[in-house]
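Please read the structure below before turning to the comments.
Please treat every number below as a calculation from the coordinates, not as lab data. Since the model is a prediction, treat every value here as computed from it, not as a measurement. Cβ placement follows ideal geometry from the backbone for every residue including glycine, while neighbour counts extend to all protein chains displayed.
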Amino acid sequence: MATNPIWQDMFRAWPEGIARRGVVVNTQGEAIPFKGFMIKDEALLLERANPDPMGTRYVLLTFDTIAVVKLIDPIKPELFKKAGYQGQFSAT
C-alpha cells in the first residue's frame, strides 16, 4: 500500500504548541494511546502512554495503516490554522 500523505504530513509537521500525544486508531480498529512519537521514512514509532496487557511500550506502524488520529488535549483553533486548516469551530 502507498503511504497516506495526510498522516505522514501531520506527524512530520506536528504543530508547535500541541502536545505530541493522542490516540492512533489503526485500520484493524486497535486504539493506541501515545505520549510521543518518532518518524523514519514511511514508518511511525509510537511511545505508548502505558504498556498494553502484554507489556508493549512501543508500536511501529506504517502511515498507510493509520485510520484515525485523535487529539486528547484542549487546543486553540489558531494552532490548527497555523497547521493549514481552514474554517472555524462552533462558538458554543
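Restricting to the range 35-58, count the residues that are free of Cβ contacts under 8 Å to residues at least 24 places away in the same chain and either more than 14 Å from the chain's Cα centre (by Cα) or more than 13 Å from ARG21 (Cα to Cα) (or both). Even if it seems obvious, please write down each step before you answer.
The first filter runs over the range 35-58 and keeps only residues free of Cβ contacts under 8 Å to residues at least 24 places away in the same chain, leaving 35-36, 38, 40-41, 43, 45-48, 50-58.
Applying the additional criterion that residues be either more than 14 Å from the chain's Cα centre (by Cα) or more than 13 Å from ARG21 (Cα to Cα) (or both) yields 40-41, 43, 50-58.
Summing the residues that are free of Cβ contacts under 8 Å to residues at least 24 places away in the same chain and either more than 14 Å from the chain's Cα centre (by Cα) or more than 13 Å from ARG21 (Cα to Cα) (or both) in the range 35-58 gives 12.
When only residues in the range 44-66 that are surrounded by 14 or more Cβ atoms within 10 Å (Cβ to Cβ) and among the aliphatic types (A, V, I, L, M) count, which is farthest from ARG12 (Cα to Cα)?
Checked the range 44-66; the qualifying residue farthest from ARG12 (Cα to Cα) is ALA49.
Take the range 11-58 and flag every residue that is in a loop (DSSP other than H, G, I, E, B), among the acidic types (Asp, Glu) and on the phi < 0 side of the Ramachandran plot. Working first, answer last.
We begin by selecting, within the range 11-58, every residue in a loop (DSSP other than H, G, I, E, B); these are 13-21, 27-30, 41-42, 49-57.
Next, from what is left, pick out any that are among the acidic types (Asp, Glu): 16, 30, 41-42, 52.
Hits for the range 11-58 are GLU16, GLU30, GLU42, ASP52.
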